[in-house]
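What follows is a short report on a single structure.
The values are calculated or read from the model by the stated rules, or taken from the named source; none is laboratory data. Model, not experiment: these values are computed from the prediction. Glycine also receives a Cβ, built like all others from the backbone with ideal geometry; neighbour counts cover every protein chain displayed.
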Amino acid sequence: MAKKIKKTETVAGECPIHHIAFIMDGNGRWAKKRAMPREFGHKFGADVYRTVMKRCFELGIRATTFYVFSTENWKRPEKEVSAILTLLDEYLDRCEKELIENDVRFIFIGDKSPFSDSLREKMLRIERNSINNHYICNLALNYGGRSELVYAVNQLLKEGKESVVEEDISARIYTKESPELDLIVRTGGDLRISNFLLWQAAYAEFYFTDKLWPDMSVKDVDEIVENFKQRNRRFGGV
Ligand code: IPE
Ligand code: IPE
Ligand code: MG
């Protein structure tokens with residue numbers, strides 16, 4: 001199979017980040033600044049997501065997670081919600097083949113049950129068809145960190161467990177196929193986690209930038225990785 005994503009020569013094998021996650025915030029404000037409807041920001045943001053994901057893989061990062069739509073985002077006007085879901089549907093059609101050929105494994109994290117049958121089936125097909133690929137892209141859709149933990153606990157109850165250890169929960173969260181989370185990046189200037197990866201964030205580093213998501217570029221990803229390399233992670237030690 002053709003494997004088109006090539007690690008950049010200078011950093012191949014050296015990247016200390018195994019799993020990076022992005023809170024892609026600021027699409028609406030980006031559009032507003034241009035006197036355009038919020039949906040325009042989401043459309044542009046979808047292209048930026050692809051650029052950022054590819055750069056992460058080129059730099060040797062194996063797993064990426066992108067916050068696309070939260071369990072709280074249903075509170076938005078119906079027009080915006082349906083525009084986001086339509087964009088997603090179109091994106092999946094356009095990119096399915098190309099990204100599977102690029103050795104990317106897609107995993108849709110979150111509760112798929114509220115989506116239309118056709119969207120849900122498309123997600124399941126893409127997950128199936130990319131299952132043996134090396135790079136991981138978790139797309140968080142109808143995702144909430146609290147609801148993920150409730151899901152994991154319910155799984156354990158169904159299995160009849162009476163008491164659990166941390167590993168039991170780690171093995172039942174949506175990102176169980178990915179390495180430990182190293183870094184959470186949030187664009188858009190707000191300093192909060194907004195119900196994202198609550199369990200996984202235990203010892204992740206954080207990177208906040210005022211840049212709005214649609215303004216992010218390959219250069220920004222490179223800067224984030226360089227910044228991470230300067231960090232001293234102690235994990236509770238000295
Ligand atoms: C993030 O951008 C994308 C989603 C939550 C779907 P926003 O739409 O939240 O953009 P701002 O924060 O309003 O600018
Ligand atoms: C977080 O952004 C969710 C996504 C990026 C999908 P929000 O814009 O929904 O977060 P809040 O409301 O500012 O916390
Ligand atoms: Mg926002």
Exercise. Of the numbered conditions (1) more than 13 Å from ligand 1 (Cβ to nearest atom); (2) of a type in the set (A, V, I, L, M); (3) at pLDDT 95 or above; (4) assigned to a helix (DSSP H, G or I), residue 61 satisfies every one except a single condition; which is it?
Worked result: (4)
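Just need a number here: residues in the stretch 71-108 that are of a type outside the set (Val, Ile, Thr), within 12 Å of ligand 2 (Cβ to nearest atom) and farther than 20 Å from residue 127 by Cβ. Give the steps one after another, and end with the answer.
Applying the first criterion (of a type outside the set (Val, Ile, Thr)) to the stretch 71-108 yields 72-80, 82-83, 85, 87-99, 101-103, 105-106, 108.
Remaining after also requiring within 12 Å of ligand 2 (Cβ to nearest atom): 72-76, 80, 88.
Adding the requirement that they be farther than 20 Å from residue 127 by Cβ leaves 72-76, 80.
Residues meeting the conditions: 6.
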Seminar exercise, completed: Of the residues in the stretch 186-218, those that are in contact (Cβ under 8 Å) with a residue 24 or more places away in the chain and within 11 Å of ligand 2 (Cβ to nearest atom) come to 186, 187, 188, 189, 190, 193, 194, 195, 196, 213
For this session: Report whether or not residue 135 is aromatic (Phe, Trp, Tyr), surrounded by 12 or more Cβ atoms within 10 Å (Cβ to Cβ) and over 27 Å from residue 100 (Cβ atoms).
Result: no
For this session: Return the only residue of 192, 186 being surrounded by fewer than 16 Cβ atoms within 10 Å (Cβ to Cβ) and within 18 Å of the chain's Cα centre (by Cα).
Result: 192
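To keep it simple, each residue is scored yes or no on (1) in contact with a strand residue (DSSP E or B) (Cβ under 7 Å, 6 or more places away or on another chain); (2) within 30 Å of residue 180 (Cβ to Cβ).
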{"site": "44", "(1), (2)": "no, no"}
{"site": "51", "(1), (2)": "no, yes"}
{"site": "55", "(1), (2)": "no, yes"}
{"site": "69", "(1), (2)": "yes, yes"}
{"site": "73", "(1), (2)": "no, yes"}
{"site": "82", "(1), (2)": "no, no"}
{"site": "91", "(1), (2)": "no, yes"}
{"site": "98", "(1), (2)": "no, yes"}
{"site": "103", "(1), (2)": "yes, yes"}
Seminar exercise, completed: Of 137, 95, the only residue that is in a strand (DSSP E or B) and closer than 18 Å to residue 5 by Cα is 137
For this session: Taking residue 48 as the residue in question, decide whether it is more than 16 Å from ligand 3 (Cβ to nearest atom), within 18 Å of the chain's Cα centre (by Cα) and in contact (Cβ under 8 Å) with a residue 40 or more places away in the chain.
Result: no
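If you take the residues of the stretch 10-53 that are outside any helix (DSSP H, G or I) and among the β-branched types (Val, Ile, Thr), which of them is farthest from ligand 1 (Cβ to nearest atom)?
10
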Seminar exercise, completed: Per the filter on the stretch 210-232, residues surrounded by fewer than 18 Cβ atoms within 10 Å (Cβ to Cβ) and outside any helix (DSSP H, G or I) are 210, 211, 217, 230, 231, 232
For this session: Test residue 14 against the stated conditions and say whether it is more than 27 Å from residue 189 (Cα to Cα) and either of a type in the set (Ser, Thr, Tyr) or more than 13 Å from the chain's Cα centre (by Cα) (or both).
Result: yes
For this session: Name every residue in the stretch 84-105 that is in contact (Cβ under 8 Å) with a residue 60 or more places away in the chain and among the polar types (S, T, N, Q), in order of residue number.
Result: 102
